[in-house]
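Following: one structure in structure tokens, then a few remarks.
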Amino acid sequence: MDATFDKPKVSNFFYSNQQGNALVNMHNSDQLRSSQTSTSRSSESSDLGGTGKWAAKLLRECAKAISEKDSARIHHLLWMLNELASPYGDCEQKLAAHFLQALFCKATESGNRCYKTLTSVAEKGHSFDSARKMTLKFQEVSPWTTFGHVASNGAILDALEGETKLHIIDISHTFCTQWPTLLEALATRNDETPRLRLTVVVMASMSNLVMKEVGQRMEKFARLMGVPFEFRVVAGLAQLADLTHEELGLREDEAVAVNCIGALRHVSVEERPSVVRMLRSFRPKVVTIVEEEADFTSTRGDFVECFEECLRFYSVFFEMLEESFVPTSNERLMLERESSRSIVSLLACGGDGGGECERRERGSQWCGRLREAFSPAGFSDDVVDDVKALLKRYRAGWSFVPAKGDESGLYLMWKEEAVVWVSAWKP
């Protein structure tokens, strides 16, 4: 359709709503439509039910209307979603609320401005303590992040066995929560405790004060464990491909491991081959990669396809949060707001730098790219046993499976849905 969408005012759709549960039972969509727009449309049934999966259905309809530039239907569906959605309701209401924001931004071409505002608000409202508490609580109730930590640490320890001088290049945004268990493992080795240098490459907006505190905590723990330890930070890079040997301070007598957790999805798709070659140039003994299992690259040219993949991934994520956290958890709310910003970036931001580059790729896609510079290292039986022991600490619903065919690595599963991929590679 060629209809031009008349951009509504934000206030028309984003006012406070406390009646989401009651409105789920509304059946007469003609009455709803007439209160929002004077456009005459044929009668349609919208029996949403009180307990069904109504959010995905309405969101899909809205995404389709935006793709077709159906102005009247966009107005109707945005209004209807706003009546039903709530960021403080059940899982369906939350899913609707966060996707509604992105769809509204897409329809009004306000995604870049909205994303910058959301990011600014988050940065002002989050302290290091609150972010650290959120990270640790998430690790306590869900293996979403600890799965990658345990498998990566095991692969690194296996690859660096017998080395006396270690250098780990950490390209991630985990506040170094991965490394205390590795330090403990080094301290309990039968042979001489090796020296460890940890270089953290910071691409996100963590302040120098935050990283200074992280470093002090790590140094204190290393002293407690009796591990000779050096901590440094590399920050201020415009893009990851700019990382150089000189900035990392690579030394000939050190065994190098590169650890990438959730960082490569922030690299633009066009830059990824050069980043892979850069990692190989560091001559590492092992490279560990952890990424969430979703494809936001091959679908980026088609809004509806990208929306479907985004909806699939975040439906699983929000359901997992619903079952892992208590309803009143502040940490859960912070994670949901982070997801909301990512959804806006993915669905509503153009290519002019308004939203961060966050184009996830599936493990199969990464395997194809990484094989151009590396060979799969695999995981030992001991590492697999460690992963099994980890998952036993969490509620039912979690499992893992090895990659099949030409793929490499392990997949973390939530109720039979792959959500996180971890792999290890060697030159």
Item checked: Residue check for Ala185: among the small types (Gly, Ala, Ser), crowded, with 16+ Cβ neighbours inside 10 Å and part of a helix (DSSP H, G or I) -> no
Checklist line | Leading residue by the ranking (surrounded by the fewest Cβ atoms within 10 Å (Cβ to Cβ)) among those in segment 157-182 that are free of Cβ contacts under 8 Å to residues at least 40 places away in the same chain and assigned to a loop (DSSP other than H, G, I, E, B) | finding: Gly162
Margin query: Being outside any helix (DSSP H, G or I), surrounded by 15 or more Cβ atoms within 10 Å (Cβ to Cβ) and under 17 Å from the mean Cα position of the chain (by Cα) is true for just one of Leu346, Leu412, Leu335. Which residue is that?
Written below: Leu412
Notebook entry, point to check: Can you find even one residue in segment 354-368 that is in a helix (DSSP H, G or I), among the aromatic types (Phe, Trp, Tyr), closer than 26 Å to Phe147 by Cβ and in the same structural domain as Val419 (by TED's automatic domain parsing)?
Noted result: yes
Next item on the list: Read through the list (1) farther than 22 Å from Leu240 by Cα; (2) at pLDDT below 95; (3) in the same structural domain as His98 (by TED's automatic domain parsing), then give the number of the only condition that Ser342 fails.
Entry: (1)
Checklist line | Among (1) touching a helix residue (DSSP H, G or I) at 6+ places or on another chain (Cβ under 8 Å); (2) among the polar types (S, T, N, Q); (3) loosely packed, with under 13 Cβ neighbours inside 10 Å - the single one Gln216 does not satisfy | finding: (1)
Margin query: Taking the conditions exactly as written (on the phi < 0 side of the Ramachandran plot, outside the structural domain of Glu323 (by TED's automatic domain parsing) and under 18 Å from the mean Cα position of the chain (by Cα)), does Lys133 satisfy them or not?
Written below: yes
Next item on the list: Taking Val267 as the residue in question, decide whether it is outside the structural domain of Ser67 (by TED's automatic domain parsing), of a type in the set (Val, Ile, Thr), closer than 22 Å to Ile343 by Cβ and touching a residue at least 60 places away in the same chain (Cβ under 8 Å).
Entry: yes
Next item on the list: Go through the residues of segment 373-392 one by one and say whether even a single one is farther than 30 Å from Arg283 by Cβ, in the same structural domain as Ile289 (by TED's automatic domain parsing), outside any helix (DSSP H, G or I) and without any contact (Cβ under 8 Å) to a residue 24 or more places away in the chain.
Entry: yes
Next item on the list: State whether the residues of segment 46-64 include one that is touching a Lys or Arg at 6+ places or on another chain (Cβ under 7 Å) and either in contact (Cβ under 8 Å) with a residue 12 or more places away in the chain or surrounded by fewer than 22 Cβ atoms within 10 Å (Cβ to Cβ) (or both).
Entry: no
Item checked: Identity of the residue in segment 156-197, of a type outside the set (Val, Ile, Thr) and within 24 Å of Val267 (Cα to Cα), that ends up modelled with the lowest pLDDT -> His173
Next item on the list: Select from segment 372-403 the residues that are within 21 Å of the chain's Cα centre (by Cα) and among the small types (Gly, Ala, Ser) and write down the one among them that is farthest from Phe325 (Cα to Cα).
Entry: Ala403
Check: So, of the residues in segment 276-329 that are aromatic (Phe, Trp, Tyr) and at pLDDT 95 or above, which turns out to be surrounded by the most Cβ atoms within 10 Å (Cβ to Cβ)?
Finding: Phe307
Notebook entry, point to check: So, of the residues in segment 219-243 that are out of contact with any Phe, Trp or Tyr (no Cβ under 9 Å at 6 or more places or on another chain) and of a type in the set (Gly, Ala, Ser), which turns out to be surrounded by the most Cβ atoms within 10 Å (Cβ to Cβ)?
Noted result: Ala241
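The values are calculated or read from the model by the stated rules, or taken from the named source; none is laboratory data. Fair warning: this is a prediction, and the values are worked out from it, not measured in the lab. Using ideal geometry, Cβ is built from the backbone for each residue, glycine included, and neighbour counts are taken over all protein chains shown.
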